[in-house]
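What follows is a single structure, written as structure tokens, with notes after it.
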Amino acid sequence: MEAGPAQATPGVALTASEGSGTVLAAGGVVRRPGAGGDEIAIVHRPRYDDWSLPKGKLEPGEPAEAGALREVEEETGLRCRLGPELSSTRYRDRHGRPKQVRYWMMEPIDDTGFVPNHEVDELRWCPPADAVKVLSYPHDRRLVEGLRK
């Protein structure tokens, strides 16, 4: 009997080794108070020329929560506090592999400074309504739209 894809259940840790062929990733919807209301961090990836929420693949054996915090810090320079888990997304990556990304709300607690690099060359803070207009992918837009309700 073949194992099915990994299931994301809030509060249950999945690690990169449990994906049954599914690419496991994690990230965050990083929110901070701004002058005109809350702002969301979005990142530009030059390799794909897209805008997305900060996220990335889990390391082998890495719990999703730890991977989400690590990836957000690597991509934005922000150390964050983990908030509630949000909806996970499933889609096929650019290589046709099934991919699952688990997301958490996050609040910045320390800013080590954004450093542009080959993976992420721009960090932008914007109100959720503006983020929805800029984000390249429907699954990212749906997560941010859910915050506005």
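Can you confirm whether residue 101 is at negative phi, outside any strand (DSSP E or B) and β-branched (Val, Ile, Thr)? For residue 101, the condition - at negative phi, outside any strand (DSSP E or B) and β-branched (Val, Ile, Thr) - is not met. For the range 43-68, what are the residues that are surrounded by fewer than 21 Cβ atoms within 10 Å (Cβ to Cβ) and in a helix (DSSP H, G or I)? Passing the criteria: 65, 66.
Taking the criterion of being free of Cβ contacts under 8 Å to residues at least 40 places away in the same chain and assigned to a loop (DSSP other than H, G, I, E, B), would at least one residue in the range 104-112 satisfy it?
The answer is yes; a qualifying residue exists.
State all residues of the range 57-86 that are among the acidic types (Asp, Glu) and touching a Phe, Trp or Tyr at 6+ places or on another chain (Cβ under 9 Å); if no residue qualifies, say none. Those that are among the acidic types (Asp, Glu) and touching a Phe, Trp or Tyr at 6+ places or on another chain (Cβ under 9 Å): 65, 75, 85. Out of 86, 69, 78, 82, one residue alone is farther than 18 Å from residue 134 by Cα, touching a Pro at 6+ places or on another chain (Cβ under 8 Å) and modelled with pLDDT of 95 or more. It is 78. When the residues of the range 89-107 are filtered to those that are buried (at least 18 other Cβ atoms within 10 Å of the Cβ) and touching a helix residue (DSSP H, G or I) at 6+ places or on another chain (Cβ under 9 Å), which remaining residue is nearest to residue 56 (Cα to Cα)? Once the filter is applied, the top-ranked residue is 101.
The values are calculated or read from the model by the stated rules, or taken from the named source; none is laboratory data. Just so it is clear, the structure is predicted and the values come from calculations on it, not from any experiment. We place every Cβ from the backbone using ideal geometry, glycine too, and count neighbours over all the protein chains shown.
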